[in-house]
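Worksheet: one structure, shown below.
The values are calculated or read from the model by the stated rules, or taken from the named source; none is laboratory data. The structure displayed is predicted, hence computed values, not measured ones. Neighbour counts are summed over all protein chains in view; Cβ atoms, including those assigned to glycine, are modelled from backbone coordinates with ideal geometry.
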Amino acid sequence: MNQYLEAAIKAARAAGELVRENFGRPLKVDAEEAHDIKLELDVRSQELITKLLLENFPNHSILGEEGSAENTSTEFEWVIDPIDGTVNYFYGIPHFCISIALRQKGEIIVGVIFDPMRDELWHAERGGKAYLNDRVIGVSQSTDVSQSVVSIGMSKTLAEVEVALSIFQDLLVRARKCRMMGSAALDLAYVATGRFDAYIERSVNWWDIAAGVLLVNCAGGESAIAPSAVQKGKLSVLAWNGKIDRNQLTKVYP
Ligand code: LIP
């Protein structure tokens, strides 16, 4: 196991313990919008992850949901979502995770996702296999959308909601089932594990998906990422088992 992966796992587990022990307790809300919530615990979790990573790699850059620290002299950048599924967490829904990825010259080389409530830790290194709790995992074998369970993410602006609803409505009749779970990182981990056959979201951030897309690719699946058509600066992502024809999953690429 390389030093970067080892550090990412240690940081994810430490942040997961912090988040798990505060689950269900009164939480300080830093910001509350129509479709989103920012918790003080998000910040504490990212501070803990950042501290642990920079102890080992003081010159690395950080890109996180709760703030970034760019160092132009390095080719390494940690991409961190300190609580992915914050709204679930706030409402006491035990479906959230810690997501940590490392990019070298922009390419994702390490990915770790940790669900502290189920004690499920996924990891992968570029070019290697994908693992759940140290056991090799793989994507599902479904070959037709009618056999598939597809998770669709929906973010915060009306434009994003309208696009996501059109995807949801289209797939509701063609897929076996559709799901909307509130955590992009866990959606991707579930595709890598064969629990979902595909995941689609039209407007997410790198920190939501960086670790998860590496997991999917290392688990034998495929992923397509493009600039979001509904929100500038965001990403559109399609990740699937690589066996269903991509055109069956979404008529609007990606
Ligand atoms: C969430 C994503 C989810 C998206 C939500 C939110 P957060 O991340 O995981 O896929 O639909 O709007 O962005 O904010 O909970 O870290």
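Only one of the numbered conditions (1) in contact with a Leu (Cβ under 7 Å, 6 or more places away or on another chain); (2) surrounded by fewer than 12 Cβ atoms within 10 Å (Cβ to Cβ); (3) of a type in the set (K, R) is violated by R25, and that is (1).
Against the definition (modelled with pLDDT under 95 and closer than 25 Å to L102 by Cβ), how does S203 come out, yes or no? The answer is yes for S203.
The lone criterion from (1) more than 24 Å from E77 (Cα to Cα); (2) surrounded by 18 or more Cβ atoms within 10 Å (Cβ to Cβ); (3) within 16 Å of the ligand (Cβ to nearest atom) left unmet by A175 is number (3). Per the conditions (1) under 23 Å from I109 (Cα atoms); (2) more than 14 Å from the chain's Cα centre (by Cα); (3) surrounded by 17 or more Cβ atoms within 10 Å (Cβ to Cβ), the sole criterion not satisfied by W206 is (2).
With respect to being modelled with pLDDT under 95 and either among the aliphatic types (A, V, I, L, M) or over 19 Å from K28 (Cβ atoms) (or both), T50 falls outside the description.
Taking the listed residues A31, A101, the one that is within 16 Å of the ligand (Cβ to nearest atom), of a type in the set (G, A, S) and surrounded by 14 or more Cβ atoms within 10 Å (Cβ to Cβ) is A101, with no other qualifying.
May I ask you to say which residue of S142, S203 is within 16 Å of the ligand (Cβ to nearest atom) and either under 25 Å from D245 (Cβ atoms) or in the same structural domain as D81 (by TED's automatic domain parsing) (or both)? It is S203. Only one residue in L52, L27 is touching a residue at least 60 places away in the same chain (Cβ under 8 Å) and either assigned by TED's automatic domain parsing to the domain that holds I98 or basic (K, R) (or both). Which one? Only one candidate passes the filter, namely L27. Any chance region 67-86 includes a residue that's modelled with pLDDT of 95 or more, of a type outside the set (K, R), surrounded by 17 or more Cβ atoms within 10 Å (Cβ to Cβ) and in contact with a Pro (Cβ under 9 Å, 6 or more places away or on another chain)? No, that holds for no residue. Has region 95-112 got at least one residue that is part of a loop (DSSP other than H, G, I, E, B) and more than 21 Å from L186 (Cβ to Cβ)? Yes - at least one qualifying residue is present in region 95-112. Among the numbered conditions (1) touching a strand residue (DSSP E or B) at 6+ places or on another chain (Cβ under 8 Å); (2) exposed (fewer than 15 other Cβ atoms within 10 Å of the Cβ), the only one that A130 does not meet is (2). Within region 112-128, residues that are touching a residue at least 60 places away in the same chain (Cβ under 8 Å) reach partners that are in a loop (DSSP other than H, G, I, E, B) and among the small types (G, A, S) with beta carbons closer than 8 Å, at six or more positions or on different chains, in the pairs A124/A219.
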